[in-house]
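Data first, discussion second: the structure below is written as structure tokens.
The values are calculated or read from the model by the stated rules, or taken from the named source; none is laboratory data. The structure presented is a predicted model; accordingly, all values stated were derived computationally and were not measured. Neighbour counts are summed over all protein chains in view; Cβ atoms, including those assigned to glycine, are modelled from backbone coordinates with ideal geometry. Accessible surface areas use protein heavy atoms only, side chains included; no ligands, DNA or RNA. Shrake-Rupley method; radii C 1.70, N 1.55, O 1.52, S 1.80 Å.
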Amino acid sequence: NAGVMQNPRHLVRRRGQEARLRCSPMKGHSHVYWYRQLPEEGLKFMVYLQKENIIDESGMPKERFSAEFPKEGPSILRIQQVVRGDSAAYFCASSRTGWGMNTEAFFGQGTRLTVV
Amino acid sequence: GQQLNQSPQSMFIQEGEDVSMNCTSSSIFNTWLWYKQDPGEGPVLLIALYKAGELTSNGRLTAQFGITRKDSFLNISASIPSDVGIYFCAGQLWTGNQFYFGTGTSLTVIP
């Protein structure tokens, strides 16, 4: 049973370009969470999605950032017009349920975005 | 957002010693999860807790869901060098949605 798959593992973008980060949840999981981690810091929540729905985007910057989880295919975190401050590790997690028993969130290996 | 206070921030211990760390919140949580993160990797789930007072073990690791539902504890017995890493607690409010993460405990095991 494959775990949460994120790609690419490393992404380098020039300022002003777009970054697309992909996340395929574990089989049977329909809940996806995106987190950002700066060096030497903890994980900061960005967005929580279920298939075709954004449930909680309270951690997403108001501009340039968007996320989707289509009916088919991976979840995508999109950052437009990247700036140096966007450089971070972006982690995706998935869970079978959104709340209650068995709400275990499993993480992928992350995408390390570097903006030059 | 919710603030999870995790302590200690860092620990330096001798191999074979036991380790304790905890996480506290100002809010009541429905779920507590404990993770370990190695450099350059994603967090790996160690233990999940769902009931107040619940005590769960995973090998040398034992975690407890606090009675008040506002805290959780992780203990590692007889530490070994591969225990080195950063340990994070994460909690979910009874309303569901996101997991809030603690600030992490960096563990160094001296052989």
How large is ³J(HN,Hα), in whole Hz, for each residue of region B:83-88 in order, when computed from phi with the Karplus curve 6.51 cos²θ - 1.76 cosθ + 1.60 and θ = phi - 60°, using x for Gly and Pro? 6, 4, x, 10, 9, 10
Among B:Trp32, B:Thr62, B:Ser79, pick out the residue whose Cα is farthest towards the positive end of the charge dipole of chain B, where Lys and Arg carry +1 and Asp and Glu carry -1 on C-beta, about the Cα centre. B:Trp32
Assigned charges on the beta-carbon of Lys, Arg, Asp, Glu; chain B dipole about Cα centre (debye): 400
Return the single residue from B:Gln37, B:Gln92, B:Gln14 with maximal mean-square fluctuation; model: Gaussian network over chain B, springs between Cα atoms under 10 Å. B:Gln14
Given +1 on the Cβ of Lys and Arg, -1 on the Cβ of Asp and Glu, and no further charges, what dipole in debye does the protein assembly as shown carry about its Cα centre, rounded to the nearest 20? 820
From Cα pairs below 8 angstrom and at least 6 apart in sequence, can you work out the relative contact order of region A:18-116, rounded to a whole percent? 31
List the residues of region B:4-52 whose accessible area drops by at least 20 Å² when all protein chains are present, compared with their chain alone, using a 1.4 Å probe and counting only protein heavy atoms. B:Asn30, B:Tyr35, B:Gln37, B:Gly40, B:Glu41, B:Gly42, B:Pro43, B:Leu45, B:Tyr50
Charge dipole magnitude, Cβ of K and R +1, D and E -1 - region A:45-93, Cα centre, debye nearest 20: 140
At the level of C-alpha centres, the distance separating region A:20-46 and region B:15-60, in angstrom, is 19
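How large a share of the accessible area of region B:4-111, in percent, is made up of carbon and sulfur atoms when the probe is 1.4 Å and the other protein chains stay in place? Intermediate values should be presented prior to the final figure.
Details: 2540 of 4620 Å².
Summing carbon and sulfur atoms, their accessible area is 55 percent of the total for region B:4-111.
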So which trypsin sites (Lys or Arg not before Pro) in region A:4-95 end up in coil per DSSP with only 10 or fewer other C-beta atoms within 10 Å? A:Arg14, A:Lys27, A:Lys62, A:Lys71
For chain B, averaging the sequence separation of alpha carbon pairs under 8 Å that lie six or more residues apart and dividing by its residue count, the contact order in percent is 37
For region B:60-111, max minus min Cα coordinate along each principal axis, in Å, sorted largest first? 44, 20, 12
Summed over the other residues with a beta carbon less than 12 angstrom from that of B:Asn5, with K and R at +1 and D and E at -1, the charge totals 0
Averaged over peptide A:47-58, how many Cβ atoms belonging to another chain are found within 10 Å of each residue's Cβ? 1
Note on region A:33-105: alpha-carbon gyration tensor, axes a ≥ b ≥ c; rule is a/c under 1.5 for rounded, else prolate if a/b larger than b/c, else oblate; result oblate
At each listed q (0.13 Å⁻¹), what is the log10 of I(q)/I(0) that the Debye formula gives for the protein assembly as shown modelled as equal alpha-carbon point scatterers? -0.75
Short to long, in 5 Å steps from zero, the percent of alpha-carbon pairs of chain B per bin is 2, 13, 24, 25, 19, 10, 5, 1, 0
